[in-house]
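Written below as C-alpha cells is the structure these notes are about.
Each value in this text was obtained by applying a stated rule to the coordinates, not by laboratory testing. Model, not experiment: these values are computed from the prediction. Cβ atoms come from the backbone with ideal geometry, glycine included; neighbour counts cover every protein chain shown.
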Amino acid sequence: MHPDIRGHVRYKMKNGMLAVLPLPGQFRSIVGHIVDISGSGLALRHTDEIPVHLKRGDLILMGHEDREDQVLEIPARLVYEKEQAEGYRSGFQFGELSSEQVSQLACFIQSNVEPATALAKP
C-alpha cells in the first residue's frame, strides 16, 4: 500500500481481480486484472489497447466473494495507458460517485485486497 499523488491510499489487489470496460457501440469489452485500487481510481493490466477516442466509461469491478455486492459498476475516465511487455497498464480515475457507490467501493476494496494491506484505512 502507498499513498498516490491525489492523497488516497492505494491497495494491492488479490491476484485474479478483474475489471471490465465495455466499449460503447461495439460488441466487445476490455478485460483486465486490477493491479491496485484506491477510493479515487485504479490501475488495470490488460492485453488489448483501449481505443484513443474512449475517454470515459463505466468500469465493472468483479470480486472474489460469492455475493451480489462484489460486482460494482463505477464511472471512470482513462488517465493514462502505457504499453508493456505483455500488454498494457492503464490508470483510471473514478468519476462522481453516489454515497451508495462510495460505500460499495469501500466494501469491495476491503474484501479483495492482499492480506498485508487489508487493515489499512483509506
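Working out 0.36 nm times the residue gap between residue 29 and residue 103, then minus their Cα-Cα distance, what length gain in nm do you get to one decimal? Between residue 29 and residue 103, full extension yields an extra 24.0 nm. Taking every C-alpha pair closer than 8 Å and separated by at least 6 residues, the mean separation divided by the residue count of the stretch 2-115 gives a relative contact order of 25 percent. Along each principal axis, taking the top coordinate minus the bottom one, the Cα set of the stretch 2-115 gives 31, 28, 26 Å in descending order. Using +1 on the beta carbon of Lys and Arg, -1 on that of Asp and Glu, and nothing else charged, what's the dipole of the stretch 2-115 about the Cα centre, debye to 20? Charge dipole, the stretch 2-115, about its Cα centre: 340 debye, nearest 20.
Extension gain for residue 60-residue 114 works out to 17.5 nm (0.36 nm per residue, less the C-alpha to C-alpha distance).
Fully extending the segment from residue 18 to residue 52, taken as 0.36 nm per residue of separation minus the present Cα-Cα distance, adds 10.1 nm.
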